[in-house]
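The next block holds one structure in the form of C-alpha cells; read it before the comments.
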Amino acid sequence: MVTTYKSLNSSAATKGKKLSAETATLSYKMDYEPSFLRTLFSLILVSSLLDCVLSEVDAFPDTKTWFENLLPSTMCIQNASIESVYGIMFDAGSTGTRIHIYSFTQKYPDQLPELRKEIFESVKPGLSAYADIPEQGAETIRGLLEVAKDAVPSSHWKKTPVVLKATAGLRLLPEKKAQALLSEVKNVLEESPFLVPDNSVSIMNGTYEGILAWITVNFLTGQLYSQSKQTVGILDLGGASTQITFLPQSEETLEQSPLDFITSFKMFHTTYKLYTHSYLGLGLKAARLATLGAVETGAVDKQIFRSSCLPKNLEAVWEFGGVSYRYGGIENGESGFKSCYAEVLRIVAGKLHQVDEIKGSTFYAFSYYYDRAADTNLIDYGKGGILEVRDFERKAIEVCDHMEGFTSSSPFLCMDLSYITALLKEGFGFKINTPLQLTKKVNNVETSWSLGATFLMLQSLRISN
Ligand SMILES: Nc1ccn([C@@H]2O[C@H](COP(=O)(O)OP(=O)(O)O)[C@@H](O)[C@H]2O)c(=O)n1
Ligand SMILES: [Ca+2]
C-alpha cells in the first residue's frame, strides 16, 4: 500500500491528537490488490458485462423498487479500453465532501476486471455550509475534480462516469437552497471532461445510505458471496443523520417493524430483506445542536447556548452548516456525566424504533463512533477494535467528570461520548455488553456507502469493454 498525505490539517494521521479541526483537506492514495477483492469485483463486473450483452434482462429486478431514483438511467456504454475502467463517486456529507476514484483493470480480454486502486480526497466544510453562496460550494467540487483528472488518464475521461450523492446536510436545508447547490454542482460536473449520466447529482434517500453501506461492509468482509451468509449489521453516525442496517434473523422483527424499515433486494441470486432506517437530525453534530437547544431558535446574535456537558467556564463559537453558534458551560451550575446524560437522553428518548434481536447481533460501527473512540484512545486510530457499549459509557463518565482536563481542544467530547452512549443504550436498545466492531477500513477500503453506490453505478451503466 502506498499512502501519501498532503494539506494535512485534520487528517487520519492527526485526528487522534487534534480533535476540533473543522476546516481541512485530507488526501491519500491507496494501492491494494487483496485476492478477495479481486473475486468480489470480478463478480460485480462480470454481472455488468453479462447485463450489457443481455440488455433486456435486469440482473437485479427487485432492486428497482428501492434504487430507482438513486441511479443514473440505464445505458450501455463502451466505458474503457481493454485494460482500464474508472468510476468517480462524490460523497457530499454534512461535514465534508469526499471524492472516491475507483479504477479497475482487465489484463486480458478473456479475463475478468479487478479493482486495482482507490484514490480518495476530502474537503471541509460540506456543501451545506455554502447554502447562501452555492457557486462557491460548487467550486469545492471543481477542486476535487482536479484530483480525478490526475488520477484518470485523459484518454479515459469521456468514458468515466461521475456521480455526486448528498446526504443529511442537504436534506436539512430548505428545498430551494439545496436545489441551488445541486444545480451549481451539476454545471461544474458538466463542464468537466467526464461522463455525466442523467440524475448524476442528487440528494440520496437515507434508506439507500444504510443499504449501500451494508452492501459495502458485507462485500468487504466477504459475507455476500460466502456460503454461510453470516452478514453483519452496520451503524453509521454522521454529522446530521445516523443509520442502522442489518439482516433480521427473526420473523418477529420482520412482522413487528414499521413497513418502511424493511427493504427487499436481490443480489447474486439471493434476496435480502433488510431492516434499515436513517434518523435525520440524530447525527452527532445535529445532536449537539439539539442538546444546546439551538435547533428551533437558530443562531441568535447575542444568545449563548449552554449545557452541563460543557466545561463550566467555557464560552466559544461553533460553526455548523454555515451557521455560527455561541455556546458555553453553566457557570456556577451543574456539570458532569449525570446531568449531561440527562440532557442527551432527552434527544433520543422515545424517538427510535427498538428491535430485540440486535442485542445478540454483530455490528460494525464507523464514522463518528470510530472517530470519538479513537480520539479518546478507546481504539487505535489505524487499527480500530472491538468495544462494548459500556466502554463508551465509562469513557463518557471519565471525560465528563474531569472536564477541566478537556477544555479548548475538545470542548464537545463529554457531550459527544454521552450522546453516543445514550443513542446506543436508550435509543437503539443495545445491551451494555453488546460488542461493536469499530472499523474505518476493511482491507484498506473505506467502510462507507460510496463503494456500494459505485458498484451499483457501474452495474447500472453496464460498464463493459
Ligand atoms: N469516507 C468517509 C466519509 C465520512 N466519514 C466520517 O463520517 C463522519 C461525518 O459524517 P458526514 O459528514 O458524512 O455526515 P452525514 O451527512 O452522513 O450526516 C465523520 O466521522 C467522518 O470521519 C468517514 O469516516 N469516511
Ligand atoms: Ca456520511
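Of the residues Gly336, Gly329, Gly322, which is open to solvent by less than 10 Å² (accessible area, probe 1.4 Å), small (Gly, Ala, Ser), away from ligand 2 (no atom under 16 Å from the Cβ) and farther than 30 Å from Asn433 by Cβ?
Gly329
Looking at this structure, is Tyr341 more than 16 Å from ligand 1 (Cβ to nearest atom), out of contact with any strand residue (DSSP E or B) (no Cβ under 9 Å at 6 or more places or on another chain) and within 24 Å of Gly238 (Cβ to Cβ)?
Judged against the criteria, Tyr341 is a match.
Are there any helices (runs of 4 or more DSSP H) wholly within the stretch 344-448 with 2 or more residues that are more than 13 Å from ligand 1 (Cβ to nearest atom), and if so which?
389-400, 413-422
Could you please let me know if Ala396 is more than 19 Å from the chain's Cα centre (by Cα), farther than 19 Å from Gly222 by Cβ and surrounded by 23 or more Cβ atoms within 10 Å (Cβ to Cβ)? Outline the logic, then answer.
Details: more than 19 Å from the chain's Cα centre (by Cα): yes; farther than 19 Å from Gly222 by Cβ: yes; surrounded by 23 or more Cβ atoms within 10 Å (Cβ to Cβ): yes.
Considered against the rule, which asks whether it is more than 19 Å from the chain's Cα centre (by Cα), farther than 19 Å from Gly222 by Cβ and surrounded by 23 or more Cβ atoms within 10 Å (Cβ to Cβ), Ala396 comes out as yes.
Of (1) aromatic (Phe, Trp, Tyr); (2) without any contact (Cβ under 8 Å) to a residue 24 or more places away in the chain; (3) touching an Asp or Glu at 6+ places or on another chain (Cβ under 9 Å), Phe305 satisfies all except one. Which?
Status for Phe305: all satisfied but (3).
Kindly list the number of the only condition in (1) β-branched (Val, Ile, Thr); (2) away from ligand 1 (no atom under 15 Å from the Cβ); (3) open to solvent by less than 10 Å² (accessible area, probe 1.4 Å) that fails for Ile244.
Every listed condition holds for Ile244 apart from (2).
Scanning for something in contact (Cβ under 8 Å) with a residue 60 or more places away in the chain, within 22 Å of the chain's Cα centre (by Cα) and open to solvent by 30 Å² or more (accessible area, probe 1.4 Å), does the stretch 409-430 turn up at least one residue?
No, because not a single residue in the stretch 409-430 is in contact (Cβ under 8 Å) with a residue 60 or more places away in the chain, within 22 Å of the chain's Cα centre (by Cα) and open to solvent by 30 Å² or more (accessible area, probe 1.4 Å).
Residue pairs, Cβ under 6 Å, 6 or more apart or interchain, first in the stretch 349-363 and more than 24 Å from Leu280 (Cβ to Cβ), second of a type outside the set (Asp, Glu) and in a helix (DSSP H, G or I). List them.
Final answer for the pair search is Glu357/Thr253.
Quick check: anything in the stretch 289-311 at pLDDT 90 or above, within 14 Å of ligand 1 (Cβ to nearest atom), in a loop (DSSP other than H, G, I, E, B) and more than 23 Å from Asp132 (Cα to Cα)?
Among the residues of the stretch 289-311, not one is at pLDDT 90 or above, within 14 Å of ligand 1 (Cβ to nearest atom), in a loop (DSSP other than H, G, I, E, B) and more than 23 Å from Asp132 (Cα to Cα), which makes the answer no.
Taking Phe363, is it in contact with a Gly (Cβ under 8 Å, 6 or more places away or on another chain), at pLDDT 95 or above and of a type outside the set (Lys, Arg)?
yes
Give the stretch 365-402 a look and list any residue that's aromatic (Phe, Trp, Tyr), more than 16 Å from ligand 2 (Cβ to nearest atom) and in contact (Cβ under 8 Å) with a residue 60 or more places away in the chain, or say none.
Step one: of the stretch 365-402, the residues aromatic (Phe, Trp, Tyr) are 366, 368-370, 381, 392.
So of that shortlist, the ones also more than 16 Å from ligand 2 (Cβ to nearest atom) come out as 381, 392.
Answer for the stretch 365-402, where residues must be aromatic (Phe, Trp, Tyr), more than 16 Å from ligand 2 (Cβ to nearest atom) and in contact (Cβ under 8 Å) with a residue 60 or more places away in the chain: just Tyr381.
Go through the stretch 183-236 and give me each residue that's open to solvent by 10 Å² or more (accessible area, probe 1.4 Å) and among the aromatic types (Phe, Trp, Tyr).
Across the stretch 183-236, the qualifying residues are Phe194, Tyr208, Tyr225.
Report, by residue number, each residue of the stretch 166-177 that is within 16 Å of ligand 2 (Cβ to nearest atom) and either out of contact with any strand residue (DSSP E or B) (no Cβ under 9 Å at 6 or more places or on another chain) or aliphatic (A, V, I, L, M) (or both).
Of the residues in the stretch 166-177, the ones within 16 Å of ligand 2 (Cβ to nearest atom) are 166-173.
Selection gives Ala166, Ala168, Leu170, Leu172, Leu173.
The values are calculated or read from the model by the stated rules, or taken from the named source; none is laboratory data. The model shown is predicted, which means the values in this text are computed figures rather than measured ones. Cβ: placed from backbone, ideal geometry, glycine included. Neighbour counts: every protein chain shown. Ligands, DNA and RNA are excluded from the accessible area calculation, which covers all protein heavy atoms including side chains. Shrake-Rupley method; radii C 1.70, N 1.55, O 1.52, S 1.80 Å.
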